[in-house]
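Values quoted throughout were computed directly from the atomic coordinates according to the rules given, and no laboratory measurement underlies them. Keep in mind it's a predicted model, so treat the numbers as computed, not measured. Don't worry about glycine lacking a Cβ; one is built from the backbone with ideal geometry, like all the others, and counts go over all protein chains shown.
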Amino acid sequence: MSSSAFPTPAPAADTQLGHPAAHLLMTRHRFRWWEALPWIAAIGFYFAFPDYLGFGTELLIAILFALSLDLALGYAGIITLGHAAFFGTGAYAVGMLAFYGIWTEPMTGLVIAAVAAGVVGLLSGLVLLRTNGLTLLMLTLCTMALLQEGANMAHDYTGGFDGLPSLSIAPVFGVFEFNPLYADTQYLYTLAVLMICFLFVRTLVYSPFGQSLTGIRENLLRMHAIGSPVRRRLVVCYTISAAIAGIAGGLWAQTNAFVNLSAFDLDRAATVLIILILGGYGRLYGAFIGAIAYMALEHFLARLYPTAWQLGLGLLLVLIALFARNGILGLGDVLWRRYGVRHAAS
Amino acid sequence: MTETRLETRALSRSFGALKAVQEIDFKLDAGARHALIGPNGAGKTTFINLLTGVLRPTNGSVLLAGRDITATTQAERVKLGIARTFQINRLFRGLSVLENVCIAVAERVGAAPSMFYPAGRRTDIIGESMELLETLKLADFARHRVSELPYGRQRLVELAITIGLKPAVLLLDEPAAGVPSAETHIILDAIERLPEDIAVLIIEHDMDVVFRFAERVIVMVGGAVFAEGTPREIEANLQVRAVYLGQGHGARRD
Amino acid sequence: MSVDFASNFISILLGGLSAGTVLFIVSVGLSVTMGLMGFVNLAHGAFAMFGGYIVVLAMNRAHIGFAPALALAFVTTAVLSVLLERLLYRRLYRAGELDQVLFTLGLIFIFMAAITIVVGPESQPLQLPAALGGQLNLGFTRYRTYSIFLIVIGFLIVSGIWLAFERTRIGAQIRATVDNRRMAESLGINVDRLFTITFAFGSGMAGLGGGLGAEFLGLDPQYALKYLVYFLIVVSVGGLGSVAGVYFASLIIGILDFVLKLYLPKGGTIFIYALTILLLLWRPQGLLGKKET
């Protein structure tokens, strides 16, 4: 029937690459039309709700923060309750430089925030990612608490519990005034930053590196068995994730013109985790959906009925853990499979 | 002259007072088709773990193409050319069959750390993976998620990933384990058609598989080599029969 | 001079030990259940909070005495935990760590909201019985009676639990299962039932600890989150599944925290986090936990 050795590789690789599975892998990274929707909606929001741009900016920052967590959690499988450590680092980097008049240019300020948070991510990653499970979770919590207490201890420089108020940020491009009064400038600025970061994350996710991260998440032991330097990959991923979280923190400090210890709160870290799970982790757009859903609900409900909001949130988490661990996007998948059009590519 | 690909010298591993592997001298040449058999608890999987670097020996050394690799890690040994399959599948169950193989091939060719272009552009990797699937008759399943496949095919994917690493030495830990007998031939065909040059060691309980493929059989009992020889010699060996074959393990060849 | 220092030192030691004892009583259940089932139960602090509220409400509204109120807290928390375990927890035993974290985080929020709705958001005062108030003359110094009481109770509890682990059959079963679950199952141990019993006992202990510690840890709906990190630290540092480990870790952390709050009130607890990180890096299994093979 067939020869006892492998056939020599046929140069007609086209027939192989024409296979639907190959085609899927080769075109997965292409931009789909509906990927423009979130951005169109964001621009639309700008024109449609000029009074809500402050909320809009908050929402965009939440999306960026959740996106950073998705890299670590959704793609590399690093379970952390301490991601606010990097958010806070970025926030204080920007905040302290601005408060002491050392550096107020916003865009480069974000680069500094990214570098600062990235360094913290690299150092803590090198050390923490030797562990896993509960130990790792504990260590991420402790790192975040440690940074918070550190900022508290250095209250002469950081303003301690009260923080650093009235940060002055230089105008964007030297032209557009930047302070909370100019919510439109802040919104567009934040949107631009989010877009750049998103494109970066998207490229990363579809790259061979991103693919290996997925492998690590899916089966760690198998990755070891194919010779993958797993820990190195995890540390790199964690560092990048930290840097982006730092940018989110920097944006938060800049747009609020204020920074305090709440940047490092457990509450904040838990919230970003909830947002990501709610939307669906490992899915790139889960961060968008989760942030919109969460913040919209929180904005309307939490203010009016804070206790009911907390109860509802708790119930939601329990239900998600039991029945819908892949969040809204996951539910969307299930519905699509059952009632949607059957596509050739899955 | 055939080269010695893999060699061990007085390789030993103890767990406290338990001597799991004792002073094993072992050689595997290019093109070898060896089988390792023995009762449960004889230390076969421990031996494989020592060869692949999952475990460190308490004594002795492992050499690859003459070079001492005893101190290297599992990942390093894969890069040096030793690959293995596991008794229980270790696959990326949520990903497609093709992607499972692509990840391994990408790792091998060194594409995996690249961050700034889409994996989809590496048509060389995707093409090579598809060809491999063709050869193993898995092409029809390329698009399916591994978790959707019947167990026998999943076992084949395990083999495909390992072959995709283009190893010089291939260690197969009970490749037919758990596979329904109706599907066993799939695995056997694939093993039969491995590149001639690869040095292969199979751990097996199924004597059909052993007799079909092995030029040489090593019997391990209590952590030490009990007997060695061609399949016929081993089958005729009364001591081996008493210790192992005679106890009803596996099928007898009549 | 030296007498002052000595009595200062003693009072710090006693203060830290009593704080540590409360930490221990609350956390011992978490350590054993995590060592037994590997289930990340972040809601353990919520059980402690629940128990604390039972004690406070029983004493303030139903005018029950302190001791009976504590017993009531133990029993009701244990019963509640069994209900939750049977209905919800056991569906997640095979689930990944992330699901367990989410689930128990959700439970925390539910507990917090429920208590706010039923009792109110204010901090609840606890009036200690007269017998335990005031100071006790120990000969070389005088110290708060209640703190001494806590230290003694804590020691009795840890001795009792340790004896139970070493001498009773169920204790042996727990130890075996913590050590090697599959082996224990193949020996015929009913691991599911064992876990329910242990979970009930551990949660009851948490409730008891919540009641005992309410006087100085305070009791408000934020309790479950506020002290969560501390419970987790003590359990990780002590080693999962080790009663002695969590006892020593609790006492050490209790003393350390007491000292730091006294001398470095702003951010002094940074050292606890730093030490925890260093210890867990050096020994990921904790002081007395079993090493992962």
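Other residues with beta-carbon under 13 Å from the beta-carbon of B:Glu3 carry, at +1 per Lys or Arg and -1 per Asp or Glu, a net charge of 0. The residues A:Cys197, B:Cys102, when put in order of fewest to most other Cβ atoms within 10 Å, stand as A:Cys197, B:Cys102. Residues in region A:86-99 carry Karplus couplings, in order, of 7, 4, x, 4, x, 4, 6, 4, 5, x, 5, 4, 6, 4 Hz; the curve used is 6.51 cos²θ - 1.76 cosθ + 1.60 with θ = phi - 60°, and Gly or Pro positions show x. Each of A:Phe173, A:Phe99 was scored by other Cβ atoms within 10 Å of its Cβ. Listed from fewest to most, they are A:Phe173, A:Phe99. Can you tell me the orientation of helix A:208-218 relative to chain A, as the angle in degrees between its alpha-carbon axis and the longest Cα principal axis, to the nearest 10? Computed tilt is about 90 degrees.
Taken as Cα centroids, region B:149-221 and region C:191-223 sit 53 Å apart, rounded to the nearest whole angstrom. Taking a sphere under 13 Å around the Cβ of A:Gly150 and counting the other residues whose Cβ falls inside, with K and R at +1 and D and E at -1, yields a net charge of -1.
For B:Asn59, the residues 5 or more places off, or on other chains, whose built amide H falls under 5 Å of its own are B:Ser12.
Taking chain C as a Gaussian network, Cα atoms linked when under 10 Å apart, which of C:Leu278, C:Leu23, C:Leu251 shows the biggest mean-square fluctuation? Top of the fluctuation ranking is C:Leu278. To the nearest ten degrees, helix A:106-128 and the longest principal axis of the Cα atoms of chain A are 60 degrees apart. Spatially, region A:24-48 and region C:55-93 are offset by 52 Å when compared through their Cα centroids. For the peptide B:187-197, the mean number of other protein chain Cβ atoms found within 10 angstrom of a residue's Cβ is 2.
Short-range pairs are left out: with C-alpha atoms under 8 Å and at least six residues apart, the relative contact order of region B:69-227 is 27 percent. Ordering C:127-139, A:23-35, C:42-54 by mean Cβ neighbour count within 10 Å, with the highest value first, yields C:42-54, A:23-35, C:127-139. Go ahead and set up a Gaussian network model of chain C, Cα springs under 10 Å, then flag whichever of C:Gly245, C:Gly207, C:Gly65 fluctuates most. Maximum among the listed residues: C:Gly65.
Near the amide H of B:Ser114, within less than 5 Å, lie the amide hydrogens of A:Phe209, all on another chain or at least 5 residues away, with H placed in the peptide plane.
Over region A:44-266, what portion of Cα pair distances is larger than 28 Å, expressed as a whole percent?
In whole percent, the share of Cα-Cα pairs in region A:44-266 beyond 28 Å is 31.
With a cut-off of 10 Å between beta carbons, the residues surrounding B:Glu192 carry a summed charge of +2, where Lys and Arg count +1 and Asp and Glu -1.
Beta bridges per DSSP, both residues in chain B: antiparallel share near 55 percent. In order along region A:314-331, the phi-based Karplus estimate (6.51 cos²θ - 1.76 cosθ + 1.60, θ = phi - 60°) of 3J(HN,Hα) comes to x, 4, 4, 4, 4, 5, 4, 4, 7, 10, 9, 5, 9, x, 5, 4, x, 4 Hz; Gly and Pro are listed as x. Evaluate the distance, in nm, between pseudo-label points positioned 7 Å from the Cα of A:Thr203 and of A:Ala154 along their respective Cα→Cβ axes. A separation of 3.2 nm, rounded to one decimal place. Here the sum of -39500 (n - 2.57) over DSSP H runs of 4 or more residues, divided by the residues of the protein assembly as shown, equals -19000 deg cm²/dmol at 222 nm, to the nearest 500.
Taking θ as phi - 60° and the Karplus parameters 6.51, -1.76 and 1.60, the scalar couplings of region C:29-35 work out to x, 5, 4, 5, 5, 5, x Hz in sequence order, x denoting glycine and proline.
Summary of packing: across the peptides A:261-268, A:286-293, B:45-52, A:300-307, the per-residue average of other C-beta atoms within 10 Å ranks them, highest first, as A:286-293, B:45-52, A:261-268, A:300-307. Compute the angle between helix A:230-256 and the longest alpha-carbon principal axis of chain A, please, reported from 0 to 90 degrees and rounded to the nearest 10. Helix A:230-256 and the main axis of chain A meet at about 30 degrees. First check a/c for the protein assembly as shown, with a ≥ b ≥ c the square roots of the eigenvalues of its C-alpha gyration tensor; if it is under 1.5, answer rounded, and if not, answer prolate when a/b is larger than b/c or oblate otherwise. It comes out oblate by the Cα gyration axes. Evaluated with a Cβ-only charge set (Lys, Arg +1; Asp, Glu -1), chain A carries a dipole of roughly 1460 debye about its Cα centre, given to the nearest 20. Among B:Pro57, B:Pro180, B:Pro167, the largest mean-square fluctuation in a Gaussian network model of chain B, built with springs joining Cα atoms closer than 10 Å, belongs to B:Pro180.
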